[in-house]
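The block underneath contains the structure these notes are about, expressed in structure tokens.
The values are calculated or read from the model by the stated rules, or taken from the named source; none is laboratory data. Fair warning: this is a prediction, and the values are worked out from it, not measured in the lab. Virtual Cβ from ideal backbone geometry, glycine too; neighbours counted across all protein chains shown.
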Amino acid sequence: MGKMLTLQVGGHTFPAYEATPTKPAKGGVVVIHEVWALNEHIKSIADRFAAEGYYALAPDLLSETDVASHAAELQLDLFNPEKRNEAQPKLRALMTPMQEPGFATETLAKLGICFGRLYNEPSVKQCVAVCGFCFGGSYSYSMALHEPRLKAAIPFYGHVSTDKDELKKITCPILAFYGERDEGLVAGLPSVETGMEAAGVQYEAVVYPDCGHAFFNDTNPFAYNATAAKDAWQRTIAFLAAHR
């Protein structure tokens, strides 16, 4: 359904996957991948958005790192109790470039290019949302903080500041998803909800019982939860329809 293309920011280029609906678009969605970079799973999600009538654009924000070459093996090992301890230091090493000064700024610039491409697409009618997972969930929150024209944000298992003054920058509604066993993120969720309320942000967080991190990823047999994933997708499509 989709195709790869090359986008440019400053003097650099980066790849992205574009999936377009067969009928006039209901809107546009920037789809942000997990820490494993752009892969077939994320492309399939972009295709699903297109099938629902949304013009979807999924950039590879880690194309300049070595993550993709190790992703298939590492993401399974990380969730496998027998291999987790061995996989964690490997993942930390791969994530080193993401901690470098300027990475977040460059990443937000790439997302800005993606937003602009969708926003200026006539069929989208300036109605653009963002949906991201893990790494992408955190950057979905970041887009909400930095792009006032965003119509909606749908972060899956993402991290966000709890500072009320920072959260006041958000102008769009947010629907967030978490797994109950994703203890680090869920433990901080009450503070996020308090901060969002104090900042006047329309915010809802759905926490699924008996689920952990990456419950939406149907390529990960250790993490995937079909029941939660189905419900989250239905809620996602309904949320987009309500905020066009």
Q | Matching entry among Q75, Q88 (being more than 28 Å from L118 (Cα to Cα), under 17 Å from the mean Cα position of the chain (by Cα) and not β-branched (V, I, T)) | A | Q75
Q) When residues of the stretch 71-82 are filtered for being assigned to a helix (DSSP H, G or I), out of contact with any helix residue (DSSP H, G or I) (no Cβ under 6 Å at 6 or more places or on another chain) and either surrounded by 16 or more Cβ atoms within 10 Å (Cβ to Cβ) or of a type in the set (D, E, K, R) (or both), how many remain? A) 5
Q. With respect to the numbered conditions (1) loosely packed, with under 15 Cβ neighbours inside 10 Å; (2) more than 23 Å from R84 (Cα to Cα), which one is the sole condition not fulfilled by A187?
A. (2)
Q.
Anything in the stretch 160-185 that is more than 20 Å from T107 (Cβ to Cβ), in a helix (DSSP H, G or I) and among the acidic types (D, E)? List them, or say none.
A. D165, E183
**Q.** Search result, residues across the stretch 3-19 that are out of contact with any helix residue (DSSP H, G or I) (no Cβ under 6 Å at 6 or more places or on another chain), more than 21 Å from S142 (Cβ to Cβ) and buried (at least 17 other Cβ atoms within 10 Å of the Cβ)
**A.** E18
Q. Do you know which residues across the stretch 204-235 are touching a residue at least 60 places away in the same chain (Cβ under 8 Å), touching a Leu at 6+ places or on another chain (Cβ under 7 Å) and closer than 14 Å to I154 by Cα?
A. R235
Q: Among what's in the stretch 195-244 and is closer than 29 Å to A72 by Cβ and among the hydroxyl-bearing types (S, T, Y), pick the residue that is surrounded by the fewest Cβ atoms within 10 Å (Cβ to Cβ).
A: T227
Q | Flag for A68 being among the small types (G, A, S) and surrounded by 21 or more Cβ atoms within 10 Å (Cβ to Cβ) | A | no
**Q.** Top-ranked residue of the stretch 42-65 - restricted to ones that are assigned to a loop (DSSP other than H, G, I, E, B) and at negative phi, ranked as surrounded by the most Cβ atoms within 10 Å (Cβ to Cβ)
**A.** L61
Q: Provide a single number: the residues in the stretch 9-41 that are over 18 Å from G158 (Cβ atoms) and assigned to a strand (DSSP E or B).
A: 11
Q. Out of curiosity, is E34 crowded, with 24+ Cβ neighbours inside 10 Å and either over 17 Å from the mean Cα position of the chain (by Cα) or of a type in the set (D, E, K, R) (or both)?
A. yes
Q. When the residues of the stretch 91-112 are filtered to those that are over 16 Å from the mean Cα position of the chain (by Cα) and of a type in the set (V, I, T), which remaining residue is farthest from S138 (Cα to Cα)?
A. T96
(Q) I'm checking my understanding of the structure. Among residues of the stretch 108-159 that are among the polar types (S, T, N, Q) and either touching a Lys or Arg at 6+ places or on another chain (Cβ under 6 Å) or in a helix (DSSP H, G or I) (or both), which one is surrounded by the fewest Cβ atoms within 10 Å (Cβ to Cβ)? (A) S123
Q: Scan (1) free of Cβ contacts under 8 Å to residues at least 60 places away in the same chain; (2) not in a helix (DSSP H, G or I) for the single condition T105 breaks and write down its number.
A: (2)
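Being among the charged types (D, E, K, R) and modelled with pLDDT of 85 or more is true for just one of K3, K90. Which residue is that?
None of the others qualify; the one that does is K3.
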